[in-house]
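Undergrad: This structure is in structure tokens; I'll ask about it shortly.
The values are calculated or read from the model by the stated rules, or taken from the named source; none is laboratory data. Bear in mind the structure is a predicted one, so any value in this text is a computation, not a measurement. Ideal geometry is used to build each Cβ from the backbone, glycine not excepted, and the neighbour counts take in all protein chains shown.
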Amino acid sequence: MKKLFVKTYGCQMNAYDSAKMADLLAPLGYAATDAPDGADMLILNFCHIRETATEKVYSELGRLKSLKAEKARDGGRMLLAVAGCVAQAEGEEIVARQPAVDLVVGPQSYHRLPEMIARAARQQGHALETDFPALEKFDSLPEPSATGVSAFLTVQEGCDKFCTFCVVPYTRGSEQSRPPQAILREARQLAGKGARELVLLGQNVNAYNGPSSDNKRWSLARLCDALAGIEGIARIRYTTSHPRDMADDLIAAHGENPKLMPYLHLPVQSGSDAVLEAMNRQHTSDDYRRLVERIRSRRPDIALTSDFIVGFPGESDADFQATLQLVRDIGYATAFSFKYSKRPGTPASTMRKQVPEELKAARLDELQKLLLAQQYAFDDSQIGKTVAVLFEKPARRDAQLMGRTPYLQPVHVQAGPEMIGRLAQVRIERRTANSLHGTLAGKGVLA
Ligand code: SF4
């Protein structure tokens, strides 16, 4: 077997793509290894969401180049590949800056890796693929070789929203939805290999509009209904959603489809209408508040999470206060928050009135304190309750397993390995900084 080392940096879609690349290369004799030394192929699958990601790739390449030289001295050949959004955005520039790179492959083209490897071997030069063939890659991917209890499944890619801070529309292309039949097939394969939870992925997952074989278009709600019918699948989640695409049938599904978990990542980014407009988010803060009300009217216990960017160009103190107010009004179960950082090529990167770094840092600190207090309050609200937990893997402590509540909170429970992949009732007893702790309630096993 040849050794394959894939280093992934970025979102869940990158993790999904890395697993798919490994599956794709398995028939060529590549088996995954967890260290780069001596590997026959190294792939850096990096997200381009921050400016620093590109520099990270170049510094990693500088380090890996010496491993490649070492392998050549021993008479072997190490193929060095850059994949993901960084590959898409940088293209030829990568090879110009680091000639040791053999392959540059964008996120829509990695199904061509086997052919690129052959090309690179023949020519002893580099191969580059950064086309946007519409979802063609999914038709070429092999059956998933393995899965965890919780499995990612890409249903949609790309974005047409063009938020002014984001590179996704440029690196992943326009919104494309996979046909529902292909998704159902992959879901059955995953269930057959032990997946009990599906996490449907898409940059704008709730814009899903899949072309069915009967010439009809399926919404995400309809897709979730069909997935819920697959034997073995106990839970369905999806991420990431845009507030504008939260359709009525999807909101209703949260009240009607028992396998659709009461958890929704619904990024708002800012609570200021002026900033939302400058970001081109295409909704106001009150649109978002009303949307949350509608969702909670169908599923009152839903755990909401969001992304926030602080220090967007032009953000005033009043704008930032509006963000804090929105957070207080909504009450989040958890959230991700970042200082604005320029992504090259995006409109916001050249906007005037960039906010000084110290001010961004102070605002981020204030926002994160508020979000953390809300997270602890939400976690504490589970103490004393009995909730369904799906066990995923052994925890770090002996004889404990890590599972998740319907609200995606990690829970540590004393239980044997036979419980992995099972749902059980767990009584939540306490919280530590990052997780809940509980005990199996009675016999407990649900499925
Ligand atoms: S909707 Fe999301 S993926 Fe699309 S441009 Fe905005 S932030 Fe980027």
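Undergrad: Could you identify the single residue in T350, T305 that is crowded, with 17+ Cβ neighbours inside 10 Å and of a type in the set (V, I, T)?
TA: T305
Undergrad: Would you mind finding the one in S349, S341, S337 that is out of contact with any Leu (no Cβ under 9 Å at 6 or more places or on another chain), closer than 30 Å to P169 by Cα and not in a loop (DSSP other than H, G, I, E, B)?
TA: Among S349, S341, S337, only S349 is out of contact with any Leu (no Cβ under 9 Å at 6 or more places or on another chain), closer than 30 Å to P169 by Cα and not in a loop (DSSP other than H, G, I, E, B).
Undergrad: Here's something else I'd like to know. Out of D102, D74, report the one residue that is touching a His at 6+ places or on another chain (Cβ under 9 Å) and not small (G, A, S).
TA: D102
Undergrad: Here is a further query. Can A252 be described as of a type in the set (G, A, S), more than 20 Å from A182 (Cβ to Cβ) and within 16 Å of the ligand (Cβ to nearest atom)?
TA: No, not satisfied.
Undergrad: Answer yes or no as to whether P107 is within 16 Å of the ligand (Cβ to nearest atom), of a type outside the set (D, E) and free of Cβ contacts under 8 Å to residues at least 24 places away in the same chain.
TA: no
Undergrad: Scan the range 261-284 residue by residue and report those that are outside any loop (DSSP other than H, G, I, E, B), buried (at least 20 other Cβ atoms within 10 Å of the Cβ) and more than 16 Å from the ligand (Cβ to nearest atom).
TA: Of everything in the range 261-284, just one residue is outside any loop (DSSP other than H, G, I, E, B), buried (at least 20 other Cβ atoms within 10 Å of the Cβ) and more than 16 Å from the ligand (Cβ to nearest atom), namely Y263.
Undergrad: Limited to the range 332-385, what total is found for residues that are modelled with pLDDT of 95 or more, more than 23 Å from D317 (Cβ to Cβ) and of a type in the set (G, A, S)?
TA: 4
Undergrad: So, of the residues in the range 204-232 that are touching a strand residue (DSSP E or B) at 6+ places or on another chain (Cβ under 6 Å) and part of a loop (DSSP other than H, G, I, E, B), which turns out to be nearest to D160 (Cα to Cα)?
TA: Y208
Undergrad: Any chance the range 263-281 includes a residue that's farther than 30 Å from R343 by Cβ and over 23 Å from the mean Cα position of the chain (by Cα)?
TA: No, the range 263-281 contains no residue that is farther than 30 Å from R343 by Cβ and over 23 Å from the mean Cα position of the chain (by Cα).
Undergrad: Being surrounded by 16 or more Cβ atoms within 10 Å (Cβ to Cβ) and more than 30 Å from G91 (Cβ to Cβ) is true for just one of A151, A207, A146. Which residue is that?
TA: That would be A151, the only listed residue that is surrounded by 16 or more Cβ atoms within 10 Å (Cβ to Cβ) and more than 30 Å from G91 (Cβ to Cβ).
Undergrad: Can you find a residue that is within 16 Å of the ligand (Cβ to nearest atom) and buried (at least 20 other Cβ atoms within 10 Å of the Cβ) anywhere in the range 289-296?
TA: no
Undergrad: Right, something else. What residue, of A187, A207, is away from the ligand (no atom under 16 Å from the Cβ), free of Cβ contacts under 8 Å to residues at least 60 places away in the same chain and aliphatic (A, V, I, L, M)?
TA: A187
Undergrad: Looking only at the range 221-248, how many residues end up being acidic (D, E), farther than 29 Å from V168 by Cα and surrounded by 18 or more Cβ atoms within 10 Å (Cβ to Cβ)?
TA: 0
Undergrad: Output the number of residues of the range 170-183 satisfying the condition of being surrounded by fewer than 18 Cβ atoms within 10 Å (Cβ to Cβ) and away from the ligand (no atom under 16 Å from the Cβ).
TA: Final tally of qualifying residues: 3.
Undergrad: Same structure again: Only one of (1) at negative phi; (2) in contact with an Asp or Glu (Cβ under 9 Å, 6 or more places away or on another chain) is not met by H412, so which one is it?
TA: (2)
Undergrad: With respect to the numbered conditions (1) at pLDDT 90 or above; (2) crowded, with 20+ Cβ neighbours inside 10 Å; (3) among the small types (G, A, S), which one is the sole condition not fulfilled by A22?
TA: The one condition A22 does not meet is (2).
Undergrad: Being β-branched (V, I, T), farther than 16 Å from E366 by Cα and in contact with a helix residue (DSSP H, G or I) (Cβ under 7 Å, 6 or more places away or on another chain) is true for just one of T305, T284, T334. Which residue is that?
TA: Answer to the check: T284.
Undergrad: I'd like the full set of residues that are more than 9 Å from the ligand (Cβ to nearest atom) and either at pLDDT below 90 or not in a loop (DSSP other than H, G, I, E, B) (or both), limited to the range 155-169.
TA: Scanning the range 155-169 gives Q156, E157.
Undergrad: Right, next: Where residues in the range 234-281 are in contact with a Lys or Arg (Cβ under 9 Å, 6 or more places away or on another chain) and hydroxyl-bearing (S, T, Y), which of them is nearest to A388 (Cα to Cα)?
TA: Per the criteria, the residue is Y263.
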